[in-house]
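The values are calculated or read from the model by the stated rules, or taken from the named source; none is laboratory data. As the structure is a computational prediction, the values presented were derived from the model and not from experiment. Note: ideal-geometry Cβ built from the backbone for every residue, glycine included; neighbour counts use all protein chains shown.
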Amino acid sequence: MEYDEDEFLNLAGLQHFAFCRRQWALIHIEQQWNENLRTAEGHILHENAHDSLSAEKRGNLIISRGMAVLSHRLGVNGVCDVVEFHTSPGGVPIFGREGKWLPVPVEYKRGAPKENDADSLQLCCQAMCLEEMLVCGEIPKAYLYYGETARRTAVPLDEARRGKVTAMLSEMHELYRRKYTPRVKPTKSCNACSLKGLCVPKLYRSGSAADYLKKRLEECS
Ligand code: SF4
């Protein structure tokens, strides 16, 4: 199956979906967004990485910033912070350069590496888009750069990770088509969630919304 461009989902939404399906739906289906310190700092780091749509050569690397990517097979599009092109027999020719070059995405994140795999899934999806767009060989690994440690980590792009990206995007398309926002499932992630104020996970713990409102009115009277 191939998706038309008007069905494409935002690639950055994969990390929201991996963090919490409800958070993804609130942002991408209901268009709700709450800026907090974490998201604001994340935007600044991304703006620095995207500060120019440019390409430069450094030694054996060609570095492209702010490169737009898409996949008709996955039904997704987005922008890569940085794509490095490494010389490789599995790569593709680049006009004006000798040899073949394999694209390797590098994604910039604020903070330290996370316990969940949200960042690596987003990165893997970028690589899958690049493989489809450029018709190059398989990209074996890519990199995540974390602002807090100022270091980058290699992420293997194995079959298990690729399968998870494909399955999650399929589920996202299904939810988007039905315009369905999953119900609240409070977890420890809620404490760091930028949408906690809109989602109100307390409602879940207190029973129904009607029960919650009744309790609040009683407290105010
Ligand atoms: S507050 Fe919790 S349940 Fe609600 S969107 Fe955020 S992570 Fe998901």
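Being modelled with pLDDT of 95 or more, closer than 30 Å to residue 63 by Cα and polar (S, T, N, Q) is true for just one of 153, 166. Which residue is that? Unique residue meeting the criteria: 166. Close Cβ contacts (under 8 Å, 6 or more residues apart or on different chains) running from residues in the stretch 173-193 that are more than 16 Å from the ligand (Cβ to nearest atom) to residues that are in a loop (DSSP other than H, G, I, E, B) comprise 173/3; 173/75; 176/29; 179/29. Condition (residue is in contact (Cβ under 8 Å) with a residue 12 or more places away in the chain and closer than 22 Å to residue 8 by Cα) applied to the stretch 85-102: is it met by at least one residue? No, the stretch 85-102 contains no residue that is in contact (Cβ under 8 Å) with a residue 12 or more places away in the chain and closer than 22 Å to residue 8 by Cα. Does residue 203 satisfy the condition of being within 14 Å of the ligand (Cβ to nearest atom) and modelled with pLDDT under 90? Here the answer is yes, as residue 203 does meet what is asked. The sole residue among 183, 177, 161, 151 that is at negative phi and under 18 Å from the mean Cα position of the chain (by Cα) is 161.
Taken over the stretch 102-113, residues that are touching a Gly at 6+ places or on another chain (Cβ under 6 Å) and modelled with pLDDT of 95 or more amount to 1.
Condition test on residue 98, is it surrounded by 13 or more Cβ atoms within 10 Å (Cβ to Cβ) and either modelled with pLDDT of 95 or more or not in a strand (DSSP E or B) (or both)? In short, no. If the condition is being in contact (Cβ under 8 Å) with a residue 40 or more places away in the chain and part of a helix (DSSP H, G or I), then the stretch 112-124 contributes 118, 119, 120, 121, 122, 124. Restricting 142, 127, 167 to those that are within 15 Å of the chain's Cα centre (by Cα), among the small types (Gly, Ala, Ser) and in a strand (DSSP E or B) reduces the list to 142. What do you reckon, is residue 117 at pLDDT below 95 and within 30 Å of residue 4 (Cβ to Cβ)? In short, yes. Among residues belonging to the stretch 1-58 that are farther than 21 Å from residue 119 by Cβ and within 16 Å of the ligand (Cβ to nearest atom), point out the one that is modelled with the highest pLDDT. The selected residue is 29.
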